[in-house]
Amino acid sequence: MTVMLTDSNNASYAHDPLFPWLLSIKKALDNKAFGGDLNNLLLDCIRTFKHNTQYRNDPRFLKIWLLYLEGSDDTEFVFKEMEENKICSDHSLLYELYAGLLEAKENWQQAQMIYQKGILRKAKPLERLKGAHALFLDRMSHRVNGCSLQKIDGDESIGLVKNRVHPWSGSTMEELLKKINPQIMRYDGYHQRNKAYSGKVDLSSLGNASRNKIVKIGGKEYQIKGCAGEGGFAKVFRASVNSNPDDIVALKIQKPAFPWEFYMYRQLDQRISTKQRSSFGVVHGMDVYSDYSILVCDYLCHGTLHDVINSYVIVGKSMEEVLCIYYTTEMLYMLETLHDVGIIHGDFKPDNLLVRYSRDDLSEDGFEDRTGSWGNQGLCLVDWGKGIDLHLFPDDIEFVGDCRTSGFRCIQMQENKPWRFQVDTYGLCAIVHLMLHNSYMEIEKKATSDGGYIYLPKKPFKRYWNVDLWRELFSQLLNNSPHNDKKLLQNLRERFQDYFCSNRQMFKKLKDLLAKQRLSMCSS
């Protein structure tokens, strides 16, 4: 990687103190004067201007630093000095080129950290930096996978040269989609159009102001009633079907087309029992065009768990412990169910947990086994775009790579170690921490009496909580192994459930809180 200096002969720089230095450096580069002379010239320039605020955010001065960085034996020291002097710290070029230099030196872990640092700082242009990071992850995936995803012994599994893979890289997803294509084509509700979407409404123009626009899909008309959510590649709209105000669905419109989420929903249909199925979202169909995919799902109108948490933040209070216990039990049950059938959600956060309320009056009967009125009460996990089907991989598979969701990156991602179920269980801990403390979880490494260490949240538990219950949850889930965690999740769920059921007053308080919450959220 060589950084080129451009525009150094522009007349507008004639009275610029940096200009003569740029000419000298360009001349040295043109004469291929690499080595000590060039490095000394670069260093002298840096020493002259590094404390001059006029050049702190000048891309030309940044390139001089990067040239010096490229020829340095101690790149970490030079980068640290750049940070101390705040040299273009909000320019994506700094992180992109330095990470590229580290990658060329096969220091991949450090390169990953530099990309993440720039993204967290929202360096501009951010989309360019994210694109460079995605390409980097793709290259790392090819390196880890040995560029080989292939069939094993003629069955439907996908084998790897090594037992580690980045599950969300472009190359992995491309291979998986090729593998499942014959299967997904047979699923009920899947329609492959093999052409661009040609409806009268421009899908890219849909937004918050698109109310009452009609989107035609497969012989049905969907009238947009509002925007329910928006991500990097997709928008979710509330829509009525064929002008029927009582038939409301969610339309997830995504560009480019992405049929993977539909595949994950159909795996849930096949593997999750009818009793449990309503906890994981329902999809009616998907139309896949060459430019867009449109997913038609059930619409739940009561908001997300994130909305519930925010309702407490707004008034400066924390969620009552009995409600935290209830939702924690629900989430443990969800992950226990999912992981047992070989499915990882991959994006377990409060925004993806929709709140469900029973139409019937809640009674104590059926609470423990989720029957009766409790069958429709609780949470519903949606957004399966990062879902992982373990049945497509060897039994000993471990995953690498980062979900890039701030606040929900498991410890293994933070430390560039392999992971499996921890991506979900860490997400659960992060949500519980939000419910208890109204703040995102920070963790610390604590020494244990046997000479080892354990990860725990930095924030202490309040003395009037059931401290033993919460401490066990965090210590178990933050320090669990990458392998099957069904028994662990089941034991924790039973502990929470037993504690709750041991006190009838807690049930009455929960019932009152849920009724109050429903009234508050529906009227807001």
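The values are calculated or read from the model by the stated rules, or taken from the named source; none is laboratory data. What you see is a predicted model; the values in this text were computed from it and never measured. Neighbour counts are summed over all protein chains in view; Cβ atoms, including those assigned to glycine, are modelled from backbone coordinates with ideal geometry. The area values use the complete protein model at the heavy-atom level, side chains included, leaving out ligands, DNA and RNA. Shrake-Rupley method; radii C 1.70, N 1.55, O 1.52, S 1.80 Å.
Relative contact order of the range 304-391: what whole-number percent is it, with Cα pairs under 8 angstrom and at least 6 residues apart?
36
So what is the accessible area of the chain per residue, in Å², with the probe set to 1.4 Å?
Accessible area per residue: 48 Å².
In vacuum, with every alpha carbon of the range 157-291 counted as one equal point scatterer, what does the Debye formula give for log10 I(q)/I(0) at q = 0.12 Å⁻¹? Two decimals, please.
Ignoring solvent entirely, the Cα scatterers give -0.56.
Find out how many positive minus negative residues lie around Gly118, taking Lys and Arg as positive, Asp and Glu as negative, among other residues whose Cβ is under 11 Å from that of Gly118.
+4
Size of the dipole of the range 187-298 about the Cα centre, Lys and Arg at +1 and Asp and Glu at -1 on the beta carbon, nothing else charged, in debye to 20?
I would put it at about 80 debye.
I'd like to compare 62-68, 475-481, 499-505: which one has the highest average count of other Cβ atoms within 10 Å, and what's the full order after that?
Highest to lowest by the protection proxy: 62-68, 475-481, 499-505.
Only four residue types carry charge here, +1 at the Cβ of Lys and Arg and -1 at the Cβ of Asp and Glu. Report the dipole size of the range 243-298 about the Cα centre in Debye, rounded to the nearest 20.
Charge dipole, the range 243-298, about its Cα centre: 320 debye, nearest 20.
Just how much of His191 is accessible, in Å², when a 1.4 Å probe is used and the result is rounded to the nearest 10?
Its heavy atoms expose roughly 80 Å² to the probe.
Please give the per residue volume of the convex hull enclosing the alpha carbon atoms of the range 387-462, rounded to a whole number of Å³.
Spread over its residues, the Cα hull of the range 387-462 gives 120 Å³ apiece.
Quick one: net charge of Ala132's neighbours, Cβ under 15 Å, K/R +1, D/E -1?
Local net charge: +3.
Positive end of the dipole of the range 17-140, charges at C-beta (+1 Lys, Arg; -1 Asp, Glu), about the Cα centre: which of Cys88, Leu67, Gln54 has its Cα farthest in that direction?
Gln54
How large, in Å, is the range 17-140 by the Kirkwood hydrodynamic radius built from its alpha-carbon pairs?
15.0
Quick one: which residues, 5+ away or cross-chain, put their amide H under 5 Å from the amide H of His284? H built at 1.01 Å from N.
It is Val296, Cys297, Asp298, by chain and number.
So if we plug the beta-carbon distance of Thr448 and Asp468 into 1/(1 + (r/R0)^6) with R0 = 22 Å, what FRET efficiency do we get, rounded to 0.05?
It comes to 0.80.
If you build the convex hull over the alpha carbons only and average its shadow over all orientations, what do you get for the chain? Give it in nm² to one decimal.
31.1
Rounded to the nearest 500, what is the 222 nm mean residue ellipticity of the chain from helices alone, with -39500 (n - 2.57) per DSSP H run of 4+ residues and division by all residues?
Computed ellipticity for the chain at 222 nm equals -13500 deg cm²/dmol.
Between His302 and Asp395, how many nm apart are label points set 7 Å from Cα along the C-beta direction?
4.1
Over all directions, what mean area does the Cα convex hull of the range 369-524 project, stated in square nanometres?
That works out to 12.4 nm².
Would you be so kind as to identify which of Ile314, Asn503, Ile397 lies farthest towards the positive end of the dipole of the range 305-523, taking Lys and Arg as +1 and Asp and Glu as -1 on Cβ and the Cα centre as origin?
The Cα lying farthest towards the positive end belongs to Ile314.
Modelling each spin label as a point 7 Å along the Cα-to-Cβ direction, I'd like the Gln270/Thr371 distance in nm, to one decimal.
Between Gln270 and Thr371, the simple spin-label model gives 3.0 nm.
Dipole size in debye (nearest 20) for the chain around its Cα centre, Lys and Arg Cβ +1, Asp and Glu Cβ -1?
Charge dipole of the chain: 1080 debye, to the nearest 20.
Can you list the DSSP H helices in the chain whose Cα atoms extend at least 24 Å along the helix axis and whose mean Kyte-Doolittle hydropathy is -0.5 or higher?
Going by DSSP H runs, the hits are 126-145, 321-340.
If I compute solvent accessible area with a 1.4 Å probe over the protein chains, what percent of it on the range 17-140 is carbon and sulfur?
51
Carbon and sulfur atoms: what percent of the 1.4 Å accessible area of the range 305-523 do they account for?
Taking all protein chains in place, the range 305-523 shows 46 percent carbon and sulfur surface.
Given Leu335, Cys324, Ile217, which one lies farthest toward the positive end of the charge dipole of the chain, if we put +1 on the Cβ of every Lys and Arg and -1 on the Cβ of every Asp and Glu?
Result: Ile217.
Could you give the Stokes-Einstein D for the range 170-238 in µm² per second, using the C-alpha Kirkwood radius, 20 °C, 1.002 mPa s?
Answer, rounded: 148 µm²/s.
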